Structure formats: structure tokens, C-alpha cells
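First the structure, in the form of C-alpha cells, and then the observations on it.
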Amino acid sequence: MDIFWKHVESRRISGNLPEGDYRQKGNAFRDFISELIYIRSDGQYRLVDIRIPGYTEKNHDVDLAYLHVAVGEVKMTGSPAHRRGNALQKERKTQSDLDKRLKEVKFTAVDLELYYTPTNVAKDVILSVQDEEKLPNPWWEEWIKLSVPGFYSFWASRLASGRIKYGKVVNADNPSLLLEKFQNLSRYNNAVGLFMFKEDGRRYIPVMEDEIKKSSLSVDDAIQNLLNFLDKHVG
């Protein structure tokens, strides 16, 4: 985060980083996650961005993929207040367009799983609904966990601090609400990896690390889940 602040955000705030360059931050985070997966797997799995056919969509552009066995999306949300020419642009909340992004990730996961999941898996889950009390998860979540590809999403979310207006803080992100939204997303993904951070005296610090870990939404846990899924299904 120190490197990100120094080479990206501080230049963005001062207006010295071109808009096109700043928009590459999501690709940089994608490459970071891909490299982390590669290292954690001792060089066994390299996930790359590709186009992959879906059930109703001709192609999905996914950020991470190992064949059609495991795929994922990587997102960075939120941005600081910054100068653009002579104008000052307001900071952008993570909440501003998060619901749209969450819906896209949910749809992509289901559309791919409908296309690639073997028929016998779907039948087994449907039959097991008759005795749902014995299922480790609700039937829908069980279908998600057993389907192919395993779908994973990784999020780095900058929380807006907001501003003071009439003695009250406005336009600030609500970390508890965000956490709830990502918990709900985990019912559509095999795992969700989340990192939230905020500005604190010209640097970034993590936010709600303990709560994220307790909710099984940490990046580390998501990567381990992905590696376990690949070990089980590859070959």
C-alpha cells in the first residue's frame, strides 16, 4: 500500500498522473493477485485474463482463468479527491457503483457454471434437495461449490472518508454495509477475497481486517480455497 500511495495515488491527487494511466490500477491489482496465486502454488498454476464462452453470453472477459476449471474477477473500487486541470474532483466512494459490479460478478459466475458444469453434478444437487437437512450448505450454495468453473472474486476497496457539511460527515463509505454486501456475494462465488483501506495522514491503512477474517473473506483464504479447488479438479 505504501508503494501504491507513493507512485499512484499521490500523483493522482496532485493531478500529475494521466487519467489513462490511473485506469490501469485495476490491471495492476489483477497482475498482483495472479502472481500471488502462482507463488502460493509453488509455480504450478498461472491464471491469466481470457475470453471464455458462457451459457447465454457468447463470451465473458475474465481477469483470471486456469482453462475453464477456475476463473475469477479482480476489482479495485473508490478513488481519492484529485486535481484535473484547474478543477478539483470529489473522491469517489466504493459504494457509488458497487451494486452494479456485484450483479455483474454474480451473473458471470452463474452463466459460466451453467455452461460447464457436468449434468450429473446438477442432478446430484437436485436430488439432494429432497433431504436438504443433510446438506452442508443450502442447496443453492451447494450447487455453486460443486459446479465448474470454480468462481472467485478479489476486491481492493478504498473507503471514502467523506466531508463535513453542516456539521455532519457526508459521502463517506459505510464499512459495515460493504462487508454485508461482500458476504452476500460469497453465496454466488466459491470464495471472495476482500481488502479494504482508507487514507490516514497521506498514507493508506487497512480497515476491518479482523471482521473480514472472521467472515472468511480474506484474500489469503480465497486464494487457498482456489488452490484447493484446482488441486481437486485439474487432471
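The values are calculated or read from the model by the stated rules, or taken from the named source; none is laboratory data. Values in this document were obtained by computation on a predicted structure and should not be read as measured data. Neighbour counts are summed over all protein chains in view; Cβ atoms, including those assigned to glycine, are modelled from backbone coordinates with ideal geometry.
Here are some notes:
- Matching helices (runs of 4 or more DSSP H) fully within the stretch 87-146 where at least 3 residues are modelled with pLDDT under 75: 119-128
- Within the stretch 1-48, restricting attention to residues that are among the charged types (D, E, K, R), in contact with a helix residue (DSSP H, G or I) (Cβ under 9 Å, 6 or more places away or on another chain) and under 20 Å from Glu73 (Cα atoms), the residue that is surrounded by the fewest Cβ atoms within 10 Å (Cβ to Cβ) is Arg46.
- Residues being among the aliphatic types (A, V, I, L, M), more than 15 Å from Arg158 (Cα to Cα) and over 16 Å from the mean Cα position of the chain (by Cα) - total across the stretch 196-235: 3
- Matching residues in the stretch 77-86 - criterion: being surrounded by 18 or more Cβ atoms within 10 Å (Cβ to Cβ), assigned to a loop (DSSP other than H, G, I, E, B) and of a type in the set (Gly, Ala, Ser): Gly78
- Number of positions in the stretch 200-219 that are in a strand (DSSP E or B) and in contact with a helix residue (DSSP H, G or I) (Cβ under 8 Å, 6 or more places away or on another chain): 2
- Among residues that are more than 21 Å from Trp5 (Cβ to Cβ), in contact (Cβ under 8 Å) with a residue 12 or more places away in the chain and aromatic (Phe, Trp, Tyr), Phe229 is included.
Residues checked against (1) in contact (Cβ under 8 Å) with a residue 60 or more places away in the chain; (2) of a type outside the set (D, E, K, R):
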site: Glu9; (1), (2): yes, no
site: Gly15; (1), (2): yes, yes
site: Glu19; (1), (2): yes, no
site: Glu35; (1), (2): no, no
site: Tyr45; (1), (2): yes, yes
site: Ile50; (1), (2): no, yes
site: Leu64; (1), (2): yes, yes
